[in-house]
Amino acid sequence: MIRRFLRSREAVLSGAILLLIALIALRFPAFVAPQNLANVFNDTSPLMILAIGQMIVILTKCIDLSVAANLALTGMVVSLLNIAAPDLPLVFTVLLALSLGALLGMVNGVLVWKLNIPPIVVTLGTMTIYRGIIFLISEGKWVNAHEMSPAFKALPRQIFLGFPMLSWFALVVIVIAVVVMNRTTLGRAFFAVGGNPHAAVYTGLNVGRTQFWAFTISGALAGLTGYLWVSRYAVAYVDIAGGFELDVVAACVIGGISIAGGIGSVGGAVLGALFLGVIKNALPVINISPFWQLAISGAAIIIAVALNSRANKTRGRIILKRKEAEA
Amino acid sequence: MSVIKKVLTTVAIGAALMGTSASADTTRIALVVKALGIGFFEAANKGAQEAAKELGDVEIIYTGPTDTTAEGQIEVINSLIAQGVDAIAISANDPDAVAPALKKAMDRGITVISWDSGVAKEGRQMHLNPSSAPLIGNTIIKLAADHMPDGGDVAVLSATATSTNQNIWIDEMKKVMGNYPGVNLVATVYGDDLADKSYREAQGLMATYPDLKAIIAPTTVGILAASQAVTDAGKIGQINVTGLGLPSEMAGAVESGATISFAIWNPIDLGYAATMLSYNIAKGATAEPGAKIGMGRMGEATLDENNEAAMSDPFTYDKSNIEEFKSVF
């Protein structure tokens, strides 16, 4: 049991993250202060939430490139709503962000499910459409800090049991995702549909519908992150989180989620996001030229993917879990 | 010349002729910006519209790519050439990449000027600087030094490491550092004009230099993100975030005290002046070293040996005038 854990993707990644933190500490000791590590976790929360959504989509052999655009659009809508109705309870704002995000995700899902368009094409299209809609509803203007209500900006910063609410949002999403992925029919269906679509059909699963739900969940999480993002940085404009979808996909790939579908875990996605988060937070303090910073981020991703493909090559597909445990 | 090429040339000439005939009575000036949706350029458009109203027979085409890429601008320029506009006034994402497309425009008789962010000399007839780089460099360090009577450490948070504007201003700033004894520049970091990266870089500066007194961000995204990072770290009053920003975006930071003062030229004036210059050159004024070309209410632009001109000094905004300007741009 322990040996199996040690050989697992999560253990390797945890080890890599610890090693990375140790190396950074050699150059900048204050990085390992508990408060700073908590800050890194907090800063990585949006990436973790999005990576979990993306993981579910990738499990079903799809990809969602529209998450960052979805985030930006939902963020803009809740910001504009906040200007129009500053006294609206925040519970409503969060629920609206979740449901609007889910709705945008459903658009992707329906196109993939009913029209059979390849997911990369669908989400590439909706990515541009969503950014375009932000431009239309905002008329290209920014929503700035002084236009947002104080409560709207305060939520992600509020300290609860020693951690900011932003971190708590991520923790709650992680816990729910673990339960859903491992303990519900839908969660197992995501694995089945991606692992072997033909077998999934024979067991009575609707592949398209399962993919639809994956996109819906990914969208809902992107919407939630949209609110958290605009309130944390206290600004909303067309380009927020530009290119962030690539970070999200990278986090998943680093986390050992197979682009071919069917293989992956919530833990992997979270650790993959944390790995990127540590690098992003460390680069500013260890004093490296910005040109090297880009190369280092890229190299980390390629190394992780190379290790990943090697690890997957040697292992066959597990058919009977119990037999494997005995062996 | 192949048949296809011949046909294409004929079509292109035809399109150009049609374009010219369609715009015989009104002068069509295209204001090409780095990207749509940026407050600064939206304000410049306001100024251009003002100039158009004043001139009467001018139509402004406000356009640009949706993200700040040279490729996007080249597409926009090509479509403007096809439409046969009379003048193009551009703020370039890359000084060299857009030059060939603009040269093509000039070959077709279109007046081309650059403003704000310049184009290589061969790709435009003149360039209008919002201010002069030495004045801006001096202004940003002065803004920081004015509130540091005992001197101390300052750091720069820029856009990307390759941004033409920011690099020139920072160089000019470094040249005059000697006039501000006791003020040390400890680091220059790059937030890539992304809110999240700029925020992290600002956090990194605060962690690395505990005695930091000021963060100078000569970019609108950077100054906003840095003031938010300082606010969140509870260091208002200890670290002053200053640099270049837009009043509408910075109002919150000035109110909270994270930013005591910041500077920017007036983009409305800039769009206005660029339009006036485009109009005058399209109507026959020659852009050559030493020439003086009218900018309407902004006076006259005097071209230097590189056909560049400066519009005016940057303007300082603080608690006393932010309320008045935040609704303007």
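The values are calculated or read from the model by the stated rules, or taken from the named source; none is laboratory data. The shown structure was predicted, so the numbers you read here are calculated from the model rather than taken from an experiment. FYI the Cβ positions are ideal-geometry reconstructions off the backbone, even for glycines, and counts take in every protein chain you see.
May I ask you to list the residues in segment A:280-299 that are modelled with pLDDT of 80 or more and within 11 Å of chain B (Cβ to nearest Cβ)?
A:Lys280, A:Asn281, A:Ala282, A:Leu283, A:Pro284, A:Val285, A:Ile286, A:Trp292
Taking into account only those residues within segment A:257-295 that are hydrophobic (A, V, I, L, M, F, W, C) and either touching a Lys or Arg at 6+ places or on another chain (Cβ under 7 Å) or outside any helix (DSSP H, G or I) (or both), which is surrounded by the fewest Cβ atoms within 10 Å (Cβ to Cβ)? Lay out the reasoning, then the answer.
Here is the first cut: in segment A:257-295, the residues hydrophobic (A, V, I, L, M, F, W, C) are A:257, A:259-260, A:263, A:266, A:269-271, A:273-276, A:278-279, A:282-283, A:285-286, A:288, A:291-292, A:294-295.
Those still in the list that are either touching a Lys or Arg at 6+ places or on another chain (Cβ under 7 Å) or outside any helix (DSSP H, G or I) (or both) too: A:257, A:259-260, A:263, A:283, A:285-286, A:288.
On the way: A:Ile257: 29, A:Ile259: 15, A:Ala260: 11, A:Ile263: 21, A:Leu283: 22, A:Val285: 22, A:Ile286: 16, A:Ile288: 14.
Filtering segment A:257-295 for residues that are hydrophobic (A, V, I, L, M, F, W, C) and either touching a Lys or Arg at 6+ places or on another chain (Cβ under 7 Å) or outside any helix (DSSP H, G or I) (or both), the one surrounded by the fewest Cβ atoms within 10 Å (Cβ to Cβ) comes out as A:Ala260.
Condition first: in the same structural domain as B:Ile29 (by TED's automatic domain parsing) and in contact with a strand residue (DSSP E or B) (Cβ under 6 Å, 6 or more places away or on another chain). Can you find one or more residues in segment B:178-186 that meet it?
Taking every residue of segment B:178-186 in turn, none turns out to be in the same structural domain as B:Ile29 (by TED's automatic domain parsing) and in contact with a strand residue (DSSP E or B) (Cβ under 6 Å, 6 or more places away or on another chain).
Being surrounded by 18 or more Cβ atoms within 10 Å (Cβ to Cβ) and in contact (Cβ under 8 Å) with a residue 12 or more places away in the chain narrows it down to one of A:Ala192, A:Ala200, so name that one.
A:Ala192
Would you confirm whether or not segment B:198-210 contains a residue that is crowded, with 18+ Cβ neighbours inside 10 Å, of a type in the set (D, E, K, R) and not in a helix (DSSP H, G or I)?
no
For a quick check of your reading: which helices (runs of 4 or more DSSP H) sit entirely within segment A:151-250 and have at least 2 residues that are of a type outside the set (S, T, N, Q) and within 14 Å of chain B (Cβ to nearest Cβ)? Give the derivation first.
Working: elements: A:165-183, A:185-195, A:197-202, A:207-233.
It comes to A:165-183, A:207-233.
Residues A:Leu23, A:Leu19, A:Leu65: which one is of a type outside the set (S, T, N, Q), surrounded by fewer than 17 Cβ atoms within 10 Å (Cβ to Cβ) and closer than 30 Å to A:Gly262 by Cα?
After applying the criteria, what remains is A:Leu19.
Anything in segment A:115-129 that is part of a helix (DSSP H, G or I) and touching a helix residue (DSSP H, G or I) at 6+ places or on another chain (Cβ under 7 Å)? List them, or say none. First the steps, then the outcome.
Going residue by residue through segment A:115-129, those that are part of a helix (DSSP H, G or I) are A:119-129.
Hits for segment A:115-129 are A:Pro119, A:Val122, A:Thr123, A:Thr126, A:Met127.
Within segment A:13-35, is even one residue under 27 Å from A:Ile217 (Cα atoms), part of a helix (DSSP H, G or I), charged (D, E, K, R) and at pLDDT below 95?
Scanning segment A:13-35 turns up no residue that is under 27 Å from A:Ile217 (Cα atoms), part of a helix (DSSP H, G or I), charged (D, E, K, R) and at pLDDT below 95.
Which of the strands (runs of 3 or more DSSP E) found entirely inside segment B:71-171 contain at least 3 residues meeting this: more than 27 Å from B:Met276 (Cβ to Cβ)?
B:152-158
Can you report the number of residues in segment A:74-115 which are free of Cβ contacts under 8 Å to residues at least 40 places away in the same chain and surrounded by fewer than 16 Cβ atoms within 10 Å (Cβ to Cβ)?
Here the count works out to 7.
Write out, first by first residue and then by second, each pair whose Cβ atoms fall under 7 Å of each other, whose residues are 6+ apart or on separate chains, and whose first residue, in segment A:10-35, is among the charged types (D, E, K, R) while the second is part of a helix (DSSP H, G or I).
That search, which allows pairs on different chains as well, returns A:Glu10/A:Gly267; A:Glu10/A:Gly268; A:Glu10/A:Leu271.
Among the residues of segment B:172-182, what is the count of those that are in a helix (DSSP H, G or I) and small (Gly, Ala, Ser)? Break it down stepwise before answering.
Within segment B:172-182, the first condition is being in a helix (DSSP H, G or I), and the residues that meet it are B:172-175, B:177-179.
Next, from what is left, pick out any that are small (Gly, Ala, Ser): B:178.
Of the residues in segment B:172-182, 1 are in a helix (DSSP H, G or I) and small (Gly, Ala, Ser).
Just one of A:Leu104, A:Leu50 is at pLDDT 95 or above and in contact with a Gly (Cβ under 9 Å, 6 or more places away or on another chain); which is it?
Numbers: A:Leu50 fails: in contact with a Gly (Cβ under 9 Å, 6 or more places away or on another chain).
Just one listed residue meets the conditions, A:Leu104.
Checking the structure you have, find out if any residue of segment A:67-85 is assigned to a loop (DSSP other than H, G, I, E, B) and of a type outside the set (Phe, Trp, Tyr).
yes
Answer yes if at least one residue in segment B:282-295 is touching a residue at least 40 places away in the same chain (Cβ under 8 Å) and closer than 22 Å to B:Asp193 by Cα, and no otherwise.
No, the conditions are met nowhere in segment B:282-295.
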